[in-house]
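Undergrad: One structure follows; several queries about it will come next.
The values are calculated or read from the model by the stated rules, or taken from the named source; none is laboratory data. Here the structure is a predicted model, which means the values were calculated and not measured. Neighbour counts are summed over all protein chains in view; Cβ atoms, including those assigned to glycine, are modelled from backbone coordinates with ideal geometry. Surface areas here come from the heavy atoms of the whole protein model, side chains and all, with no ligands, DNA or RNA. Shrake-Rupley method; radii C 1.70, N 1.55, O 1.52, S 1.80 Å.
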Amino acid sequence: MLKDSFFAIFFPSSKIIVNKYAIIKKIAKLIEINYNKKTNFTKESDNMNDTICAISTNTGNNGAISIVRISGPEAIAITSKIFTNLKFATAESHTIHYGYIKWKEEPVDEVLVMKMLAPKTYTTEDIVEINCHGGMISTQKILEILILNGARIAEPGEFTKRAFLNGRINLLEAEAVSDMIEAKTDHARSLAMNGISGKITKLIQNLREEIVNILTNIEVNIDYPEYEDELVITHENILPRIKNITKKLEKIIEESQNGKIIKEGINIAFIGRPNVGKSSLLNAFLEEEKAIVTDVSGTTRDIVEGSISLNGILVNLIDTAGIRDTEDIVEKIGVQKSKEMLETADIIILVLNYNEPLQKEDYELLEIINSKPHIIFLNKNDLPKKINCDKILSNAVLGNTIELTGLDKLKDEIKNRFHLNEFETKDFTYLSNIRQLTLAKQALQNLKSVEVQININTPIDLLEMDLKTAWNQLGLIIGESYEEELVDNLFQKFCLGK
Ligand code: GDP
């Protein structure tokens with residue numbers, strides 16, 4: 001039985017009829033699969049036996065309802081002690097119960113309590129959710145009473161961490177839960193949903209399965225040359241198989257650049273010498289007075305930020321303080337920050353004044369943006385033309401912030417540069433963070449290395465190392481193997497109660 005299930009995992013479509021178990025053992029060793037991979041988190045070391053509790057709804061404002069969530073072996077017992085509804089303790093799973101939370105026989109709040117027994121719960125443990133009135137005092141009081149009765153306050157992300165450690169969701173799906181909470185646009189929500197629903201996991205799992213099939217083939221060839229049923233791996237027939245995997249992974253990586261845009265948005269830095277109209281342009285974009293506009297040079301001393309949505313994508317606008325020599329200490333900090341912003345911006349909008357000849361500082365800025373993605377906006381074209389460079393005129397977007405002309409053209413230019421129009425029809429099945437993307441790129445590098453080795457006729461058995469590494473790296477994306485520290489860091493980024 002056990003053998004068969006191992007077999008199903010590692011030989012999903014294989015027709016091998018040899019001593020399956022021997023081969024599986026060998027391959028499992030080869031790819032260093034740790035069947036008990038999750039036992040490095042013992043229940044004791046990770047306090048998994050504790051019953052944890054937290055306020056799961058937003059703690060910022062008073063809402064109509066707050067939810068206090070409890071998970072762990074004592075969830076039902078603790079709740080039963082403080083809940084007036086006596087049927088609760090023995091009630092069936094996934095039922096809702098009305099009553100009062102009490103403290104020393106005094107009612108504290110009128111509540112609805114949801115009882116969910118393991119394993120069909122968010123954490124796979126017994127879970128209780130207390131729906132109480134939204135005031136912070138009553139909610140905190142209920143939390144306090146739970147703690148006094150033996151529950152422990154949960155760490156940020158601990159419920160989701162338990163869902164992961166108990167094997168209900170993988171790492172990629174856990175990250176998607178966090179993405180869902182953080183989502184600022186509808187596209188970001190779609191991206192997160194595809195993560196939560198396992199769509200992205202499936203893509204990665206398919207690639208891993210293809211790699212394991214190749215590894216299996218190689219191993220059987222080496223260890224059981226007498227079995228003629230098995231395909232004999234040659235450089236000629238392995239290359240297209242590797243190329244096929246490489247191509248699919250390349251596509252995932254390429255498309256996943258969109259994932260970054262969907263999740264984090266596009267950062268646009270406005271630069272230009274003082275008084276050309278950067279803040280006015282930013283305000284025009286934001287359609288509100290966010291940056292201070294005056295005609296005194298250097299008014300915008302710090303970085304001003306705002307966000308707009310273009311085709312459902314978040315666009316972060318950063319008005320910089322200008323890049324120039326200054327003795328003013330506050331302005332100096334602003335200038336330094338501006339330089340940093342230019343480094344991290346996805347695109348720079350250089351604002352020039354249509355109503356003035358180009359100046360030394362303009363030329364310096366043109367030099368700075370030359371090697372970076374940029375758009376030039378020639379502002380103040382409501383005034384007479386005095387700019388003296390036709391080359392710039394032909395490459396720039398022309399407009400002004402008084403009559404608000406040129407803004408739509410500028411937005412269109414941004415949409416074109418980032419192909420934002422295409423986002424409407426995309427399916428958002430992407431990797432969504434640097435951790436996932438870095439691992440995918442590393443796996444790709446190893447697969448490319450296998451291709452190179454095949455092309456120089458390296459013996460087939462020597463390809464196993466890189467294939468195995470690629471397989472492992474893809475596994476790290478979904479958390480098939482992981483380091484304790486990584487998991488701790490990752491879940492600490494979650495909000496409390498999730
Ligand atoms: P910044 O220092 O580059 O941020 O420039 P501001 O946005 O503070 O603008 C400097 C001055 O130029 C202000 O008096 C604005 O009202 C004026 N200004 C900005 N844009 C335009 C424009 O398109 N046309 C005209 N005529 N004046 C503008």
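Undergrad: Which of the numbered conditions does GLU361 fail, given that it passes all the others? Conditions: (1) acidic (Asp, Glu); (2) loosely packed, with under 14 Cβ neighbours inside 10 Å; (3) at pLDDT below 90.
TA: (2)
Undergrad: Out of region 245-289, which residues are within 16 Å of the ligand (Cβ to nearest atom), aliphatic (A, V, I, L, M) and either open to solvent by 10 Å² or more (accessible area, probe 1.4 Å) or in contact (Cβ under 8 Å) with a residue 60 or more places away in the chain (or both)?
TA: Here is the first cut: in region 245-289, the residues within 16 Å of the ligand (Cβ to nearest atom) are 268-289.
If we keep only those that are aliphatic (A, V, I, L, M) too, we end up with 268-269, 271, 276, 281-282, 284, 286.
Scanning region 245-289 gives ILE268, ALA269, ILE271, VAL276, LEU281, ALA284, LEU286.
Undergrad: To continue, here is another question. Out of region 88-110, which residues are open to solvent by less than 40 Å² (accessible area, probe 1.4 Å), in contact with a His (Cβ under 9 Å, 6 or more places away or on another chain) and farther than 24 Å from ASP50 by Cα?
TA: ASP109
Undergrad: Taking the condition of being open to solvent by less than 60 Å² (accessible area, probe 1.4 Å) and within 19 Å of LEU203 (Cβ to Cβ), how many residues in region 439-466 meet it?
TA: Kept after step one, since they are open to solvent by less than 60 Å² (accessible area, probe 1.4 Å), are these residues of region 439-466: 439-440, 443-444, 446-447, 449-451, 453-454, 458, 460, 463-464, 466.
Subsequent filtering for residues that are within 19 Å of LEU203 (Cβ to Cβ) retains 439-440, 443-444, 446-447.
Number of matching residues: 6.
Undergrad: Quick check, is ILE169 surrounded by fewer than 21 Cβ atoms within 10 Å (Cβ to Cβ), of a type in the set (Val, Ile, Thr), farther than 27 Å from LEU467 by Cβ and out of contact with any Pro (no Cβ under 8 Å at 6 or more places or on another chain)? Can you show your working first?
TA: Values: surrounded by fewer than 21 Cβ atoms within 10 Å (Cβ to Cβ): no; of a type in the set (Val, Ile, Thr): yes; farther than 27 Å from LEU467 by Cβ: yes; out of contact with any Pro (no Cβ under 8 Å at 6 or more places or on another chain): yes.
Against the criterion (surrounded by fewer than 21 Cβ atoms within 10 Å (Cβ to Cβ), of a type in the set (Val, Ile, Thr), farther than 27 Å from LEU467 by Cβ and out of contact with any Pro (no Cβ under 8 Å at 6 or more places or on another chain)), ILE169 does not qualify.
Undergrad: Can you report the number of residues in region 408-438 which are over 26 Å from GLN205 (Cβ atoms) and among the aliphatic types (A, V, I, L, M)?
TA: 3
Undergrad: Every residue in region 408-427 that is open to solvent by less than 30 Å² (accessible area, probe 1.4 Å) and modelled with pLDDT of 80 or more, please. First the steps, then the outcome.
TA: Restricting attention to region 408-427, the residues satisfying the condition of being open to solvent by less than 30 Å² (accessible area, probe 1.4 Å) are 410, 414, 420, 423.
LEU410, ILE414, LEU420 - these are the residues of region 408-427 that are open to solvent by less than 30 Å² (accessible area, probe 1.4 Å) and modelled with pLDDT of 80 or more.
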